[in-house]
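Notes to accompany the following structure.
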C-alpha cells in the first residue's frame, strides 16, 4: 500500500514538474529527454548480440567515478547507461563514444516506464551508483534481474533524513542482491536503515580508480606560467577567485571552469566587468583562444568546453576546487591529485569526507576565502612546496585504489 501511495504522489508531482523540466532544457535536447523519460524506446534503439548490463549514474561525478568499471564491463557486455542530468549525459557520451554504451536519461520512476525499459533492453543486471534510491526502479527490476548498489555511501544529512522513513526504505534495501559500500561507516548506516548485513560488502571507493586521458593542448606552452586551474566553480566563486587572482603581483594565468555549461555567458560577463580598462590583463574564452596571444602580465581563460577538466589539470601548477567556498559540499579533488597537483579548497567539502585524511597528512590545503590570496601567493612563489604537496596527495590516492576490481569480482557470479 505504501508504494502505491508513493507512485500516486510521484505521478501528481511529475504532472507539475515535467513541463517545467522539459522547457528548462536546451531545445536540441528536449525531444530525446522526453522520449527517454517516458520510456518511448523501440527495439531498434538498441540491438545487442551480447548480454546487457544497465548502469545508472545520476550526474558527472558518478559517471567519472565508475568510468573504469564501465570500461571493464564493456569488454564482455553491452552497456545501457542512464543519467539524470544533461551534463552527465554529455560527459558520458564523450567518455564512452568508442565503446558499446547506449546512453539514455533515466525514465520516470513509474511502473509503466520501468517495465517498458526492461522489456526493450532486456538487461541481465542493474547497477546503481552511490545512493540513488528510486523505489519502483529497484523493486520492479529486482523481481526480474539482480540489482546492485555500488560505490554506495550515505551522507550525514541523508542519513538523518532516511532514518525518519526507515519503514519505507527497508523493503527497498532488502531488494538489492548486493550493496557494495565505500567504507565501514557506510556499511553500518545501511545496516541501521534495514539492509541485510549479509548483503553489504566494503569494497572501497571507485573514485580513486580514475583514469584520465592525456590531452596535448596546442596552446599549453603559450600561456604565462604558473597556471592556476579553478575547476567546477559555482556562483559566486568565479568573482571571488578572479578578485583574488588579480590582487597577486605575480605573472600567471587563471583558467576558470564553471561546473554548469549554461553559466558560461554569465561568467564571461562577470569577468569582463572585473577587468574593464585593465590593459595588462588578457581575457579569452577557450573556444576562441588565439595561437598568437598578446603578451600580458596576467591571462584569464574561461573554459567553455565540457569534458576536459580532468585532462586540463595536467597543465596546472595549482588547482582550486569549486563548490567549496559556498555551502555546496565541494567537487571532486581527485582529478587534480591524479596529476600530482597541489590542491586548495574552501571550508565546504562535505561531499568528499575522504578528504579529511588528505588534510591530516598535510597533502591538501583548506582555507577560508579571506586567506586564499596569501595561500596562493605563497604557493606561486614556492615551486618545491607545490611539488611536495602534489606528491603526498598522489601517494595517498594510489594507496586507495582497487575498489573497481573488487566490485567486478563480486559481480562475476551474478553475471555468468
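The values are calculated or read from the model by the stated rules, or taken from the named source; none is laboratory data. None of these values were measured; they are calculated from a predicted model. Positions of Cβ are backbone-derived with ideal geometry, glycine not excepted, and every protein chain shown enters the neighbour counts.
Quick notes on this structure:
- Exactly one residue out of 152, 113 is in contact with a helix residue (DSSP H, G or I) (Cβ under 8 Å, 6 or more places away or on another chain), over 23 Å from residue 407 (Cα atoms) and crowded, with 18+ Cβ neighbours inside 10 Å: that is 113.
- Residues (outside any strand (DSSP E or B), in contact with a helix residue (DSSP H, G or I) (Cβ under 9 Å, 6 or more places away or on another chain) and within 24 Å of residue 63 (Cα to Cα)) located in region 163-185: 172, 173, 175, 176, 177, 182
- Search result, residues across region 227-240 that are within 25 Å of residue 90 (Cβ to Cβ) and surrounded by 23 or more Cβ atoms within 10 Å (Cβ to Cβ): 229, 230, 231, 232, 233, 237, 238
- Among the residues examined, residue 332 does not qualify as in contact (Cβ under 8 Å) with a residue 60 or more places away in the chain, surrounded by fewer than 18 Cβ atoms within 10 Å (Cβ to Cβ), in a loop (DSSP other than H, G, I, E, B) and out of contact with any strand residue (DSSP E or B) (no Cβ under 6 Å at 6 or more places or on another chain).
- Residue within region 264-277 that is free of Cβ contacts under 8 Å to residues at least 40 places away in the same chain, over 28 Å from residue 364 (Cβ atoms) and either in contact with a helix residue (DSSP H, G or I) (Cβ under 8 Å, 6 or more places away or on another chain) or not assigned by TED's automatic domain parsing to the domain that holds residue 372 (or both) present: yes
- Filter result for residue 81 (assigned by TED's automatic domain parsing to the domain that holds residue 32, free of Cβ contacts under 8 Å to residues at least 60 places away in the same chain and crowded, with 23+ Cβ neighbours inside 10 Å): yes
- Scanning region 155-185 for residues that are more than 22 Å from the chain's Cα centre (by Cα) and crowded, with 20+ Cβ neighbours inside 10 Å, we see that the one that is nearest to residue 408 (Cα to Cα) is 178.
- If the condition is being under 24 Å from the mean Cα position of the chain (by Cα) and within 26 Å of residue 122 (Cβ to Cβ), then region 1-34 contributes 32, 33, 34.
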